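Read the structure below first, then the notes.
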Amino acid sequence: MSKEPVAVVGVGQTKHVAARRDVSIAGLVREAAQRALEDAELTWADIEAVVIGKAPDFFEGVMMPELYLADALGAVGKPMMRVHTAGSVGGSTALVAASLVAARVHGTVLTLAFEKQSESNAMWGLSLPIPFQQPLLAGAGGFFAPHVRAYMRRSGAPDTVGSLVAYKNRRNALKNPYAHLHEHDITLEKVQASPMLWDPIRYSETCPSSDGAVAMVLTDRAGAARAPRSAAWMHGGAMRSEPTLFAGKDSVSPRAGRDCAADVYRQAGITDPRREIDAVEMYVPFSWYEPMWLENLGFAAEGEGWKLTESGVTELDGDLPVDMSGGVLSTNPIGASGMIRFAEAALQVRGQAGEHQVEGARRVLGHAYGGGSQFFSMWLVGAEPPSS
């Protein structure tokens with residue numbers, strides 16, 4: 001029996017900010033979920049199951065928060081599942097929810113992800129000593145900076161590329177009312193003059209620490225037919241993982257990422273992603289990861305990704321827009337960041353992305369990664385149902 005087609009018929013986000021002190025975690029997730037239901041014109045009673053995801057619990061210091069969130073999410077007496085795959089968890093959570101619809105276990109599923117980083121300190125939460133592994137050197141940036149430097153050495157990329165990505169994404173964020181950072185006075189010169197945090201990563205080339213949540217309503221073909229607005233249809237989705245450290249690991253272009261993308265393209269019938277995909281919502285917490293992931297995902301040959309960035313291909317009005325919403329560089333509630341990429345991809349093909357809409361977007365990739373570049377989740381959504 002073939003899989004049931006999966007459609008996104010509702011999307012909801014909170015306004016992402018540094019600290020939402022006006023709501024609890026329960027209030028935060030309910031706000032996003034309520035907006036997704038309103039978008040789909042459904043009620044809590046229409047939801048058959050809930051799939052929730054977030055990053056490590058010590059980011060807030062509340063262990064297994066899903067156990068007390070059932071009431072806030074209308075899940076009392078219904079199946080509720082928690083997913084965790086480090087920074088890629090938002091994407092993985094959406095894929096688990098999609099699998100329940102695709103397998104006809106449930107007809108309509110609410111999926112959401114969140115983080116309330118203001119209630120803890122994620123930077124030091126990411127600086128835990130791990131036996132037999134290298135220290136993270138004060139936050140994720142200390143871990144990834146050597147990988148960026150390796151990419152620069154391998155590709156010959158000039159050291160200005162990172163600032164171009166940051167400048168682009170922060171300008172895109174100004175067109176997204178839900179984005180955390182709205183830097184109206186941003187200039188390329190300001191990005192390039194910002195302090196060096198982890199050589200070669202500057203302050204303005206890093207992601208913020210955000211409070212926020214995002215939710216989606218996923219449904220089957222029958223549910224999509226009843227939806228008041230156009231749906232985004234899942235054409236392919238996959239997860240892959242690999243160890244943080246192992247002999248032969250390519251930290252610049254991890255095999256798990258390449259394999260994950262190849263699986264998604266196979267499912268969607270994509271043979272030339274550069275030409276067949278209209279835009280990408282990519283997980284870029286540090287600006288240099290745009291050119292690195294362009295190569296890892298097959299949009300550019302090895303060592304050529306930075307040239308797409310430098311030539312303007314990834315601008316909002318470019319040939320392959322990347323992070324139209326401002327991306328993780330502008331909004332980073334860690335547990336939700338991957339799902340925001342997936343949700344923003346859905347908004348694009350539904351034609352509902354507002355000022356950061358890519359005209360004529362029909363197929364858009366949502367991408368997430370986490371851990372030590374070891375967990376990957378991706379989906380490709382389209383404006384039309386997938387061909388059977």
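The ellipsoid equivalent to the alpha-carbon distribution of the stretch 152-259 has semi-axes of 33, 25, 13 angstrom, derived from the gyration tensor eigenvalues as √(5λ) and listed largest first. Stokes-Einstein diffusion for the stretch 193-311, with the hydrodynamic radius set to the Kirkwood value over Cα pairs and evaluated at 10 °C in a medium of 1.306 mPa s, equals 92 µm²/s. Once the Cα atoms are used to define both axes, helix 140-155 deviates from the longest principal axis of the chain by about 60 degrees.
The share of accessible area on the chain that comes from carbon and sulfur is 54 percent, using a 1.4 angstrom probe.
Using a Förster distance of 22 angstrom, determine the FRET efficiency expected from the C-beta separation of Leu245 and Arg154, and round it to 0.05.
Details: r = 19 Å, r/R0 = 0.86.
With R0 = 22 Å, the Cβ-Cβ based efficiency is 0.70.
Looking at the chain, the pairs of alpha carbons with a distance over 30 Å make up 32% of the total. Here is the list for the stretch 66-128: trypsin sites (Lys or Arg not before Pro) lying in DSSP coil, each with at most 16 other C-beta atoms within 10 angstrom of its C-beta, are Arg104. The trypsin sites (Lys or Arg not before Pro) found in the stretch 1-67 that occupy coil by DSSP, while having at most 15 further C-beta atoms within 10 Å, are Lys3, Lys15, Arg21.
If R0 is 51 Å, the Cβ-Cβ spacing of Arg274 and Ala26 corresponds to a FRET efficiency of close to 0.75.
So what is the accessible area of the chain per residue, in Å², with the probe set to 1.4 Å?
On the way: 14730 Å² over 388 residues.
For the chain, the per-residue accessible area is 38 Å².
Between exposed chymotrypsin sites (Phe, Trp or Tyr not before Pro) in the chain, where DSSP calls loop and at most 16 other Cβ atoms lie within 10 Å, what's the longest gap? Free of exposed loop sites, the longest segment is 247-388.
Its convex hull of Cα atoms gives the stretch 242-383 a direction-averaged projected area, equal to a quarter of the hull surface, of 8.0 nm². Restricting the stretch 288-388 to GluC sites (Glu not before Pro) that sit in a DSSP loop and have at most 16 other Cβ atoms within 10 Å of their own Cβ leaves Glu302, Glu304, Glu359.
The values are calculated or read from the model by the stated rules, or taken from the named source; none is laboratory data. As the structure is a prediction and not an experimental result, all values here were calculated from the model. In this analysis, Cβ positions are derived from the backbone assuming ideal geometry, glycine residues included, and neighbour counts consider all displayed protein chains. The accessibility values were calculated without ligands, DNA or RNA, using every heavy atom of the protein model including side chains. Shrake-Rupley method; radii C 1.70, N 1.55, O 1.52, S 1.80 Å.
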